[in-house]
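So the structure is just underneath, and the comments pick up after that.
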Amino acid sequence: MTKITNELFAKKVRYYTTKTFRNMGFGHLGPSLSIVEALTVLFNDVMDFGLDNYKQVDRDWFVLSKGHGGPSYYSTLMLKGFLEEETLYTLNDNGTTLPSHPDRNLVHGVDATTGSLGQGLSQAVGIAKGLKIQGIDRTVYCIIGDGEFNEGQIFESLTFAASQKLDNLVVIIDDNKKQLDGYTKDISVPYKYDMILGGLGYHFDTVNGHNLDDIKTSLNHFKTLKDAPKCLVLDSIKAAGIPYFEEMMDNHHLRFNDEDLKQLDAYLVKTEKELEVV
């Protein structure tokens with residue numbers, strides 16, 4: 001499969017994800033669009049993962065702990081050749097192979113079934129530890145949400161990974177500032193990730209969550225660091241890429257009204273024209 005630029009890949013992921021939601025009429029638009037650039041850099045650039053090796057153990061692994069971002073994950077896998085475009089539009093249908101949250105038993109290319117928040121990171125830590133035991137020098141990448149950071153299981157996973165010096169684990173926090181019920185800082189506390197993760201001994205960095213070059217630079221730098229797990233915080237925007245939805249207070253899960261649909265259609269028409277000339 002011919003590799004395309006990260007910029008074009010990200011544009012396509014956001015387009016197909018949005019088209020999936022438009023077809024369904026509802027869904028987790030906000031948390032799906034905030035991780036588009038991270039997924040792009042991981043799957044189109046940084047990770048050793050594809051159709052030729054995904055069934056093998058000796059390759060990089062990925063866990064989407066914030067499973068409600070599944071639609072953008074599916075669009076990414078579609079662009080990597082794991083499923084057909086038409087399959088995207090069966091999301092949540094009866095008998096679909098694409099449930100709302102990733103399921104490793106249903107979707108080729110999915111490494112871990114997630115959805116119950118907090119549990120995905122535990123799986124990622126377990127995979128990283130397992131690779132260490134087997135002497136396999138590969139990296140496990142795991143995206144968690146800032147709202148998910150409320151879960152006690154997250155802290156247990158983080159501390160265990162630190163105690164085991166799992167330098168083959170990269171935790172990516174999607175800090176889009178909002179969760180289901182409002183701003184994360186109001187529902188929990190304003191997390192000082194640098195102090196929390198730095199205090200646990202993690203190699204740590206924060207980048208613009210929508211700057212492809214910055215994400216790539218940080219993840220590649222992490223590859224040179226040893227003896228401790230790594231954490232990358234994405235300073236991201238919920239529903240990134242469509243200003244109308246970015247500005248919504250409640251943009252975690254939407255059931256689209258007439259104006260919402262109008263905005264979605266305008267975005268899709270505009271992007272289709274752009275993709276025709278790229």
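The values are calculated or read from the model by the stated rules, or taken from the named source; none is laboratory data. Note that this is a predicted model, so its numbers are computed, not measured. Note that each Cβ is placed from the backbone with ideal geometry, even for glycine, and that neighbours are counted across all protein chains shown. In case anyone asks, the SASA skips ligands and DNA or RNA and just uses the protein heavy atoms, side chains included. Shrake-Rupley method; radii C 1.70, N 1.55, O 1.52, S 1.80 Å.
Summed over segment 143-172, the residues that are crowded, with 22+ Cβ neighbours inside 10 Å, modelled with pLDDT of 95 or more and aromatic (Phe, Trp, Tyr) give a count of 0. Can residue 43 be described as in a helix (DSSP H, G or I) and touching a strand residue (DSSP E or B) at 6+ places or on another chain (Cβ under 8 Å)? So residue 43 fits the description; yes. Applying the condition of being assigned to a strand (DSSP E or B) and open to solvent by 60 Å² or more (accessible area, probe 1.4 Å) to segment 178-205 and asking which residue is farthest from residue 148 (Cα to Cα) yields 204.
Considering segment 262-278, and only residues there that are more than 15 Å from residue 21 (Cβ to Cβ) and in a helix (DSSP H, G or I), the residue that is most open to solvent (accessible area, probe 1.4 Å) turns out to be 276.
Out of curiosity, is residue 182 of a type in the set (Gly, Ala, Ser), under 21 Å from residue 38 (Cα atoms) and in contact (Cβ under 8 Å) with a residue 40 or more places away in the chain? So residue 182 fails the test.
Just to verify a result, which residue in segment 111-144, among those that are of a type outside the set (Ser, Thr, Tyr) and either free of Cβ contacts under 8 Å to residues at least 40 places away in the same chain or in contact with a His (Cβ under 8 Å, 6 or more places away or on another chain) (or both), is farthest from residue 53 (Cα to Cα)? Among residues in segment 111-144 that are of a type outside the set (Ser, Thr, Tyr) and either free of Cβ contacts under 8 Å to residues at least 40 places away in the same chain or in contact with a His (Cβ under 8 Å, 6 or more places away or on another chain) (or both), the one farthest from residue 53 (Cα to Cα) is 115. Across segment 1-40, the number of residues qualifying as open to solvent by 10 Å² or more (accessible area, probe 1.4 Å) and part of a helix (DSSP H, G or I) comes to 13. Just to verify a result, which residue in segment 75-108, among those that are open to solvent by less than 50 Å² (accessible area, probe 1.4 Å) and β-branched (Val, Ile, Thr), is farthest from residue 14 (Cα to Cα)? Taking the candidates together, the pick is 96. Yes or no: residue 175 farther than 27 Å from residue 11 by Cβ, open to solvent by 20 Å² or more (accessible area, probe 1.4 Å), at pLDDT 95 or above and not β-branched (Val, Ile, Thr)? In short, no. Checking the structure you have, find out if any residue of segment 251-261 is open to solvent by 70 Å² or more (accessible area, probe 1.4 Å), touching a strand residue (DSSP E or B) at 6+ places or on another chain (Cβ under 6 Å) and more than 24 Å from residue 100 (Cβ to Cβ). No, segment 251-261 contains no residue that is open to solvent by 70 Å² or more (accessible area, probe 1.4 Å), touching a strand residue (DSSP E or B) at 6+ places or on another chain (Cβ under 6 Å) and more than 24 Å from residue 100 (Cβ to Cβ). The set of residues from segment 191-219 being in contact (Cβ under 8 Å) with a residue 40 or more places away in the chain and touching an Asp or Glu at 6+ places or on another chain (Cβ under 9 Å) comprises 191, 193, 209, 210, 211, 212, 215, 216, 219. Of the listed requirements (1) over 10 Å from the mean Cα position of the chain (by Cα); (2) touching a residue at least 24 places away in the same chain (Cβ under 8 Å), residue 56 misses just one: (2).
Of all residues in segment 244-260, those that are closer than 9 Å to residue 26 by Cα have Cβ atoms under 6 Å from Cβ atoms of residues that are crowded, with 16+ Cβ neighbours inside 10 Å, 6 or more apart or on another chain, in 253/28; 254/29. Residue 238: over 30 Å from residue 164 (Cβ atoms), of a type outside the set (S, T, N, Q) and either exposed (fewer than 11 other Cβ atoms within 10 Å of the Cβ) or free of Cβ contacts under 8 Å to residues at least 60 places away in the same chain (or both), yes or no? Considered against the rule, which asks whether it is over 30 Å from residue 164 (Cβ atoms), of a type outside the set (S, T, N, Q) and either exposed (fewer than 11 other Cβ atoms within 10 Å of the Cβ) or free of Cβ contacts under 8 Å to residues at least 60 places away in the same chain (or both), residue 238 comes out as no.
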